[in-house]
1. What's the Kirkwood radius of region 37-142 in Å, using all Cα pairs?
2. From the backbone phi of region 122-133, what are the Karplus-calculated ³J(HN,Hα) couplings (6.51 cos²θ - 1.76 cosθ + 1.60, θ = phi - 60°) in whole Hz, Gly and Pro given as x?
3. In terms of modelled amide H atoms, which long-range or inter-chain residues lie less than 5 Å from the amide H of K28?
4. For each pair in K48/K73; K48/K174; K28/K53, compute the distance between the two Cα atoms and list the pairs where it is over 30 Å.
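Just so it is clear, none of the values below were taken in a lab; they were calculated from the coordinates. What you see is a predicted model, and the numbers here were worked out from it, not measured in a lab.
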Amino acid sequence: MSLRTTIAAAAAALSLGLPVAASAADVKVAYVDLQKVMLEVDDGKAAKTRLQKWLEDRQKEIDKEQNALRTEKETLDKQSSAMSAENKAQKEAELQRKVMLLAQKWEKSRSEAATKEQQEMQPIIQKIDGIIAVIAERDDLGFVLERRDSGIVFARSVHDISNEVIRAYNASKKTAAKDAPTKK
């Protein structure tokens, strides 16, 4: 069970047992904005840049094909009066087939983008989950809730550990790079 699933389950349990938890002043609760963390950690920024470039490249391909189809349609419209009905219908059917193929390519590209995003972000999310667990253990937190998924409407900023998670994540990358063996 991932930390995020555990947090969601804990949030549900916390909301059901809030009167009990409120009386037990020993329980410390914090929250984290995972969206903010993902966008601000160095690996998240790099992944977002890679994904954006990949998406832009795919969009350029699709735009180029779309413009070619537009030109082909304009040419067909200009020449249609000189064509036989059968030839015109055949050309229109071919153009329609190309439009459908382009639409399928666009849809496939969207699907690939979602898969690529998940592949890029999954290792980052796992590392973030680990850092949150370390902070929770260190600070003796009973719960760490995800700001958006937990249903938090209001919470004081002193309970937000998002910036601490970002700092710890980025610091762990620098420490890992410094401690990495060097070739001589």
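1. Working: mean 1/r = 0.0566 Å⁻¹.
For region 37-142, inverting the mean 1/r across all distinct Cα pairs yields 17.7 Å.
2. With the stated coefficients, region 122-133 comes to 4, x, 5, 4, 4, 5, 4, 4, x, 5, 4, 4 Hz.
3. G142, F143
4. Numbers: K48/K73 37 Å; K48/K174 20 Å; K28/K53 42 Å.
Where the Cα-Cα span goes over 30 Å, the pairs concerned are K48/K73; K28/K53.
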